[in-house]
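Novice: Input: one structure, supplied below.
Nothing in this text is a laboratory measurement; each read-out follows from the coordinates by a stated rule. Keep in mind it's a predicted model, so treat the numbers as computed, not measured. Don't worry about glycine lacking a Cβ; one is built from the backbone with ideal geometry, like all the others, and counts go over all protein chains shown.
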Amino acid sequence: MAPEPGESLASWIDRLGEDMRCPPGLVADDLGLRVVPGAVQRPLSLLFGITASDEQKAAVRAATGVSAEVFNGMHLCVYDGTVLDLSDLAEDKASVQRVWFREWALFTTSRACPACLAESGGVWMLWWRLAAAAVCPVHRLMLVSHCPGCGLELRRGTERNQGVPPRELLVAPTRCANRTRNRVCGYRLTELPRVPVGDEICAAQLAYLDAADGRPQLVAGRCVDAAEWGWAFRIVCGVVRFVGQTIELPTVTPAAAARNWWMMRAAAASCHRAGCPVTAPSRGRRRWRLHCWRSPGGSSLRAATMNWLRR
Ligand SMILES: [Zn+2]
Ligand SMILES: [Zn+2]
């Protein structure tokens, strides 16, 4: 079974496991992704799904015929140098922790579009693991972060052992495979809430993805490189987030405010490791986002941002 274009490594392994009726952790073993043979505590590389070694690329090619280029394309490292900076990442805990706290990506979890999962039969896109992945431009739906069944982030695994494919149970790519209290959640992810979004937010998401792919759009008529675009995006998010906590959007959202809201949402989604007070409990954070999205009345985020900048 070949990987689909844009698919994440964890997704491909889950689908291989379903096809072979084999737990995905054992599929990863068979592909040669195990670091320490026989190890149970940390059976996979710390960099699983983030970056691949030459040995892993060769092992996967030998086992499946998938080229090193395609295999590499399933890792977050494809965004290194554009919206992510993984230049100082090494396979040691201190290095990995530093990058996790600094970079805007979901290293062990994912967001998802329920319509995409339904149509593809459970193909999870790599870009859903970027922290600024907010909406699906194809279906014009908000991406979902958390499973309504178990309350955990999608594809987290367990509370303690994040992002490690299970070695003892089968995983259906369209169902939640999180485990709490020794129970598999099993929620049908094709039935995740479908919250429609407008054209402006989809356009903003596409602009971000263009930059992530190394093709940033012009900024004020000027060419900028992808890394510069990515840093500017983070700075704008920081400003918007700083003033955005007490702001409500009007019922009819002006285009510019909608774009800012999208940026704020992306920032809020990514800042939980930085101790943002808005985002302390994960369930509360989700409610806050939806509240922002639906709440009527109040001044626009854009006006508040400009007022703050004039101070
Ligand atoms: Zn979709
Ligand atoms: Zn669940």
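Novice: Can you classify region 63-175 as rounded, prolate or oblate using the Cα gyration tensor, where a ≥ b ≥ c are the square roots of its eigenvalues, rounded means a/c under 1.5, and otherwise it's prolate if a/b beats b/c and oblate if not?
Specialist: Taking the square roots of the gyration eigenvalues as a ≥ b ≥ c, region 63-175 is rounded.
Novice: Report the FRET efficiency, 1/(1 + (r/R0)^6), for Ala90 and Leu218, where r is their Cβ-Cβ distance and R0 is 45 Å, rounded to 0.05.
Specialist: My answer for the efficiency is 0.80.
Novice: Sticking with this one: How long is the gain from Leu209 to Met20 if the chain were fully straight, where each residue apart is worth 0.36 nm and the alpha carbon distance is subtracted?
Specialist: Going from the current span to full extension adds 64.7 nm.
Novice: Take Ala232 and Trp100, extend 7 Å from each Cα along the Cα→Cβ direction, and tell me the distance between the two endpoints in nm.
Specialist: 3.3
Novice: Sticking with this structure for a sec: At Gln162 and Ala68, where each label point lies 7 Å from the Cα along Cα→Cβ, what is the point-to-point distance in nanometres?
Specialist: The two pseudo-label positions are separated by 3.1 nm.
Novice: Scan region 153-218 for GluC sites (Glu not before Pro) in coil per DSSP, keeping those whose Cβ has at most 16 other Cβ atoms within 10 Å, and list them by number.
Specialist: Within region 153-218, the qualifying GluC sites (Glu not before Pro) (loop, at most 16 other Cβ atoms within 10 Å) are Glu159, Glu168.
Novice: On full extension of the chain, what length is gained from Arg61 through Phe242, given 0.36 nm per residue of separation minus the C-alpha to C-alpha distance?
Specialist: Taking 0.36 nm per residue and subtracting the Cα distance, the gain is 60.5 nm.
Novice: Can you compute 3J(HN,Hα) from phi for each residue in region 76-89, using the Karplus curve 6.51 cos²θ - 1.76 cosθ + 1.60 with θ = phi - 60°, rounded to whole Hz and x for Gly and Pro?
Specialist: In residue order, the calculated couplings are 4, 4, 5, 9, 5, x, 10, 8, 10, 10, 10, 5, 9, 7 Hz.
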